[in-house]
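To keep things clear, I will list the structure first and then write my remarks on it.
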Amino acid sequence: MARLPHDGAILDALVAMRPEPFSGPVWRVTRADRPALRGSLGTGRWSPGGDAEILYTSLEPGGALAEIGFRLGLEPVWPSRLSHELHRIEAQSARNLQFADVGSLVPLGVDAARWQGFDYAATQAIAAAAHFLEYDGLIVPSARAPNPNLVVFLDRATEACQLVISETTPVDWKAWRRTR
């Protein structure tokens, strides 16, 4: 992430924010064969892809299920042979930037009307700047659920950042889909 040029206005806005600590449970859904605490280097809403490993989590189990369920639902046929697990992770980090809602991201270039789409340029710029400024992560609104997400920059997490898996359960996508 650090290789991207950073927007001066975004850097100024982030520096003016007060970092917030986070301590509590978060949830993450992964394929059953994938380590729960391994992040992603790929492109995503809060990751332009590249050098920084990003761990996406949700502050509610339903949010984690909604994020992955949405992606699976984009497939022409629901991938019924994939096994997933829901992980409860006890998380603690000291320096996070918190955005209460989509409206709080608008001054940084996020188009609220297109929030649920796939135009990630503005959120990637915010994340890249936060990573450059050495924050542990971001507490951000979810595009798929009413609860926030905790996004952790695994390579920037300080000694005060701890992630411990406290519970893992299999995901029953059939049951989840019946409730949608």
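Take the residues in region 46-79 that are at pLDDT below 90 and within 14 Å of the chain's Cα centre (by Cα), then tell me which one is nearest to C161 (Cα to Cα). The residue in question is A52.
Within region 84-107, being among the aliphatic types (A, V, I, L, M) and over 14 Å from P148 (Cβ atoms) holds for L86, I89, A94, V106. Screening A13 on (1) surrounded by 15 or more Cβ atoms within 10 Å (Cβ to Cβ); (2) in contact with a strand residue (DSSP E or B) (Cβ under 9 Å, 6 or more places away or on another chain) shows it passes everything except condition (2). R177 falls short on exactly one of the conditions (1) within 19 Å of A36 (Cα to Cα); (2) in contact (Cβ under 8 Å) with a residue 12 or more places away in the chain; (3) part of a helix (DSSP H, G or I), and that condition is (1). Taking the conditions (1) surrounded by fewer than 18 Cβ atoms within 10 Å (Cβ to Cβ); (2) within 22 Å of A145 (Cα to Cα) in turn, G8 satisfies each one other than (2).
Of the residues that make up region 103-126, is at least one crowded, with 20+ Cβ neighbours inside 10 Å, modelled with pLDDT of 95 or more and in contact with a Cys (Cβ under 9 Å, 6 or more places away or on another chain)? Within region 103-126, none of the residues are crowded, with 20+ Cβ neighbours inside 10 Å, modelled with pLDDT of 95 or more and in contact with a Cys (Cβ under 9 Å, 6 or more places away or on another chain).
The values are calculated or read from the model by the stated rules, or taken from the named source; none is laboratory data. In this text the structure is predicted, and so the values were computed from the model without any measurement. With ideal geometry, Cβ positions are generated from the backbone for all residues, glycine too; neighbour counts draw on all protein chains shown.
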